[in-house]
Amino acid sequence: LSSLLIGCVAPYPPYEEYTLARAAVRAAQETDSARFSPGYWTKADENYRQGQRAWKEGDFGPAKEHFKNALEFAEKAENATRLKKFQ
């Protein structure tokens, strides 16, 4: 009975959020967002690293939130960078 309850309480690793955040951070990095949009880039990178740290510690709830935030900020960084390069 206790193993059944533990299985229900323990969240599953957020594979999808991790993968999407990793792809977004890499895309932002490839567009040189650290140079053109340092504010968004810093937030994206920090959230991604915190997500990785939480993942390694088995805290999947916070990891999922950090990865979602990293995705959001990485997309903003990439968009702002592309806009600045276009201008």
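The values are calculated or read from the model by the stated rules, or taken from the named source; none is laboratory data. Keep in mind it's a predicted model, so treat the numbers as computed, not measured. No Cβ is skipped: glycine too gets one built from the backbone with ideal geometry, and neighbour counts run over all protein chains shown. Ligands, DNA and RNA are excluded from the accessible area calculation, which covers all protein heavy atoms including side chains. Shrake-Rupley method; radii C 1.70, N 1.55, O 1.52, S 1.80 Å.
General remarks:
- The chain - percent of accessible surface contributed by carbon and sulfur, probe 1.4 Å: 54
- Once the 1.4 Å probe is applied to the protein heavy atoms, the chain comes out at 69 Å² accessible per residue.
- Cβ-defined net charge surrounding residue 85, 13 Å radius [Lys, Arg +1; Asp, Glu -1]: 0
- Mean residue ellipticity (222 nm) of the chain, computed from DSSP H runs ≥ 4 via -39,500 (n - 2.57), nearest 500: -28000 deg cm²/dmol
- Taking a straight Cα-Cα cut-off under 19 Å and skipping sequence neighbours fewer than 8 places away in the same chain, the lysines within cross-link reach of residue 56 are 64, 68.
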